[in-house]
Each structure stands twice: as structure tokens, then as C-alpha cells.
Amino acid sequence: MAMLPFQPTPFFKDKNRAFWWLQVLGWLGAFTLRGVSGIVAGQDFPFFVIIFIESFTGFSITLILSVAFKRILSLASPLSWASSALLLAIAVAFFASVQTWVIQIARPDSGGFSQLLIGYFIFPMTLLGAWSALYFAINFFLQVEEQTDQLERLEAQATSAQLAMLRYQLNPHFLFNTLNSISTLVLLKQTTPANAMLTKLSSFLRHTLIAQPGGKVTVAQEVETLKLYLEIERMRFEERLRTEFRVDDDAARGCIPSFLLQPLIENAIKYGVSAQEEGARISLAAKVIGSRLRLTVYDTGPGLQGNQNAAEAVKRGHSSTGVGLANIMERLSQAYGEDHRFDIETPPDGGFTVIIELPYEIEEQDEPVPSHQKFPRPSNKEGTRETTFGNPQTGAPA
């Protein structure tokens, strides 16, 4: 798509420049309109001199009014409207007096001063009244627009702070479990695996520093982060932890809130893998359906053991510290409002599934995912096995 060679600027972004444009064009337009009407009516040369002085006088008076009105608006006093009306009346009287004097000089036979002043009074009153009304209307509009922008900025800051708070809850929750595992290895004098876990932990934490707390990452980047996390957990559970990723190429380019899936994987390990002697398989699927991005995380753990109302069970406290599913639901609400889906499925015979659907969004300057970053097929070396998505049984409240 062709791009403009310049960036359009709002007219009122520079208020001072906008005022001068309106001031000059407005009075020039008034002079032109009066001049054209004079030409059509066959007026003589003194008429054009009169309307020129009339336009210049109005231009000068409105400059003085703009300064006075600006100060009156900044006071926000109950007497501001009365003061504005008084200033306008004085300006109209002065305008009419100056123009009546000019008419008498240009046309000595036009009549007496008082007679001309009364006859001419309506025109400057209409002209300056319209100018003043437009001045106050534009300033009121700009004030409302500024307050609206400020409110939007405050709401955005509040949302960003809320998202950051929710994100920052995850790291202490994860660190608590990981440091406990390292402490256990140290107590058992297994220094080699403890050192390896510390190394992987530092790599994982360094990776988390890249993502902004309230920002978004691609699904591919989120999966890379999950793989770092799973390397740490696999040192604890070894063959008991089996993983599987099924991510379509177009889904890999979709954007999601950073660290959206990590709590699901963490709690699947806690309630699925560690709860069973044989461990469990944790699977992640991502695909694009129309304009929606669907993410499915499931495991083959015990689930909620027959509790069909999974969402209510989570609310009643099955989510351990409450950082898991409740955190994700709050983050989704903050980021997408009602435009998302968050479903939990837990069959009576075990298993736990979380399905998330979001608007499909990609980065504006998205680059193809390099071949070395595409998601590997499950392999026995990584403790995974090849299966297909269907209606899997899963298990683990987050």
C-alpha cells in the first residue's frame, strides 16, 4: 500500500498557528464577500476603502478580544460570562464609532454621526458576536478534547499498571517452586544438577527481561520462552514430563500478551505431572480459525476428578495461590474486554483442558519465522511422543 510522503498533522495541534489561520482567512473572507457584493451592486471606489478599513478594524479589535477572552477563560470565574458580554459590548460600540467616522470622512453627505451610528450598529454587533461565539465554541471543544485525551491516557496507564502487576505476580510464583527444587538438590549434595538448573534459570530470567510487562509477543516467541521453562522443569521430572507442540505457521505469527501461557504449563506440571507417578503429557496447540486465534493447553493428569463445573471449582480455590487461571482471566479482560473466549473442560475420567480464543493480530512489520525457530516435531529425546489433536483428555487446574 502506498504511503504518504508526509505525516498529516491535526489542524489544532498548534493552537497559535490555527488561530492565525482562522483569523486571517476569516476577515479576508469577510472583505471578499463585501467586495463582491459591492461590485455586483456597482458601488464606487470610496465603498471599497470603507470595507477595507472595516475589515482591518475588525481584525485588530478581535485580536484584542482574543487576549482578553483567553484571560477570562483561564479565571473560570462565575463573572466570566458577564465580563465577556461587557467587553463585547464595548468592542461593538468602538467598532461602530470608528466605522461611522470613516463613513462620514469618505462620504460627507451621508448624514449625521448619531444617525449613522444607530443605523450601522447592528452590523458590527452581528459580526463580532459571531466571532466571539466561534472563539468560545472552539476553545470549549479543545478543552473537552484535551480532557478526553487526558482521561484516555490515565485509563491506558491504569490498564498498563494492572497488566504489569498481573505479570509480575508470575515470576515470584515460578521462582518459589524453582528455588525450592534447587535447595533440595543442594541439600542432597547434587551440585551438578543444581548448578545446571541455576544456569537454565538465569537464561530463562534473562529471556523474560526482553518482554514488556504489558506488551505482546508472538506465539513463536511465547513458545520459545516455554521451552526454556520446560528445560528447567524437565531436570526435576525427567521422563515423567512429556511435551508436545502443534503450532501452525500462521498462528506462530499471531500476537498474544506476554507470559500468557506459562502459568497454564506451570500448573499443568504441578497438578498433572507431579500428581501422578507415571507423570503426564502436556500439549499446546495453536491455530487460526477465521479471524480468531485459538490456543489449547491440555494435559493427561487427574484433572478435577469428576467436577464438571471447572470454572466454579477454580474460583473456590483449586488454583493453589490463585496466580494461575484467575490471573490469566483478569489479564484477558484487561487486554481484550469481552472480545475473548476462555473455556475450561474437565472430563469425569480425568484430564484438564484450557481453550483460549483471541482476535488474530500480527505485527505490522512481521518477518517470516526462520526455519530453525519453527517448532520441532515431538521426539523421544525430548521426552515427547507423536500424537494428533482430537478430543484429548487433560488435567490440571491452574
Under 5 Å from the placed amide H of F352, counting only residues 5+ away or on other chains, we find D299, G301, T394, G395, A396
Can you give the local net charge around Q43? Use residues other than it whose beta-carbon is closer than 15 angstrom to its beta-carbon, Lys and Arg +1, Asp and Glu -1. 0
Along the Cα→Cβ direction, 7 angstrom out, place labels at E238 and F48. What is the inter-label distance in nm? 10.3 nm
Please work out how much length the chain gains when fully extended from D149 to E361, using 0.36 nm per residue of separation minus the C-alpha to C-alpha distance, in nm with one decimal. 73.8 nm
Would you rank V67, V288, V273 by solvent-accessible area, highest first, keeping every protein chain in place and using a 1.4 Å probe? V67, V288, V273
Using every Cα-Cα pair within region 48-110, state what percent have a distance larger than 19 Å. 42 percent
Which FRET efficiency value, to the nearest 0.05, is calculated for S291 and E330 with the Förster distance at 25 angstrom and r the Cβ-Cβ distance? 0.55
Phi-based couplings in Hz for region 342-356 (Karplus 6.51, -1.76, 1.60; Gly and Pro marked x): 9, 10, 10, 10, 9, x, x, 8, x, x, 8, 10, 10, 10, 10
For the pair I64/L175, report the inter-label distance in nm, with labels modelled 7 Å from Cα in the Cβ direction. 6.9 nm
Under the Karplus relation 6.51 cos²θ - 1.76 cosθ + 1.60, θ = phi - 60°, what is the ordered set of whole-Hz ³J(HN,Hα) values for region 182-189, x standing for Gly and Pro? 5, 4, 5, 4, 5, 5, 7, 6
HN-Hα J in Hz across region 47-53 - Karplus 6.51, -1.76, 1.60, θ = phi - 60°, x for Gly and Pro: 4, 6, 5, 5, 6, 5, 5
Quick check: residue separation of T199 and L79 times 0.36 nm, minus the Cα distance between them. What number comes out in nm? 36.1 nm
Taking amide H positions as placed 1.01 Å from N in the peptide plane, with prolines and chain starts having none, which residues 5 or more places from V247, or on another chain, fall under 5 Å of its amide H? A286
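The values are calculated or read from the model by the stated rules, or taken from the named source; none is laboratory data. Source: prediction; values computed, not measured. Please note: Cβ atoms are built from the backbone with ideal geometry, for glycine as well, and neighbour counts cover all protein chains shown. Side chains are part of the model used for accessible areas, which takes the heavy atoms of the whole protein and leaves out ligands, DNA and RNA. Shrake-Rupley method; radii C 1.70, N 1.55, O 1.52, S 1.80 Å.
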